Amino acid sequence: MTKRLIAETAVGAIIDVQDFFLAQLDGAKARECMETNLVNFARLLGYFRIPIVATLERPVDGKGSLPDALAAELGYSKIFEKDFFDLTKEQAIRDHFALLNKKQVIVAGCETDVCVLQSCLGLIDLGYEVFAVEDLIFSSARDVKAALARMNAAGVVFLSYKTLYYELLQTVGGGPHADAMIAAFGPFPDALPDQAV
């Protein structure tokens, strides 16, 4: 039974957010929204000191790197290039996850029905609890219902960015938890939205 998300036991995975894949979103507005949401996702995890692993599918020269605004939020993160769709098939990535010693992985990126699907299945096979942020995964395919159903059947927990935000925050403000959070991480950023755009 998958437990609730706990910041101290979690790591984020941002999979293959590259120009080649972003260009396949339906229009410039959809791409802008996805990039904004992913930047906010990275900011949210960063506030709670949740490490992030980002991947880039090879060839990076042809598929591009991370968008500049997202890369700027990942200064403390580890970025890997990969040849496999499933990030756990890359020894260096698997070793890095093991070194982080976390048991939960929060997944965003693309493509829902290829790299996200296979990576989630690989992470579950390795014993991780996997949470996929539904409004932060995307694909060039118009219909990814089969991939979502397969992930769900395998044990992936789906949540929205809003749910993630409040599950990490835990409180409306004030009280011992909020005081401890501010003591540990500093004031919570007012500019960090609580919902995806």
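Just so you know, all these numbers are worked out from the coordinates, no wet-lab data involved. Remember, predicted model here, so these are calculated numbers, not experimental data. Backbone-built Cβ (ideal geometry, glycine too); neighbour counts: all protein chains shown.
The packing ranking of peptides 7-15, 165-173, highest mean first, is 7-15, 165-173, where packing means the average number of other beta carbon atoms within 10 angstrom of each residue. Taking the Cα centroid of region 1-74 and of region 83-114, what is the distance between the two, rounded to the nearest whole Å? For region 1-74 versus region 83-114, the Cα centre distance is 13 Å. Taking a span of 20 Å or more along the helix axis (Cα atoms) and a mean Kyte-Doolittle hydropathy of at least -1.0 as the rule, the DSSP H helices of the chain that qualify are 28-47.
For the residue pairs K78/K145; K29/K145; K3/K29; K29/K78; K29/K63, the alpha carbons lie more than 25 Å apart in K78/K145; K3/K29; K29/K78. Normalised by residue number, the volume inside the convex hull of the Cα atoms of region 8-185 is 117 Å³ per residue.
By the helix-only formula, in which each DSSP H run with n ≥ 4 contributes -39500 (n - 2.57) and the sum is divided by residues, the chain has a 222 nm mean residue ellipticity of -12000 deg cm²/dmol. If R0 is taken as 30 Å, the Cβ-Cβ distance between A30 and D179 corresponds to a FRET efficiency of 0.15. Cross-link partners among aspartates and glutamates for K82, C-alpha distance below 15 Å, same-chain residues fewer than 8 apart left out? In chain and number order, the partners are D16, E57, D61, E90, D95, E111. Take each peptide in 22-28, 109-115, count the other Cβ atoms within 10 Å of every residue, and average; sorted highest first, the result is 109-115, 22-28. Of the residues I182, L159, I6, the one whose Cα sits farthest toward the positive end of the charge dipole of the chain, with +1 on the Cβ of Lys and Arg and -1 on the Cβ of Asp and Glu, is I6. Packing order of peptides 188-197, 131-140, 71-80, 99-108, highest average first: 131-140, 99-108, 71-80, 188-197 (average count of other Cβ atoms within 10 Å over each peptide's residues).
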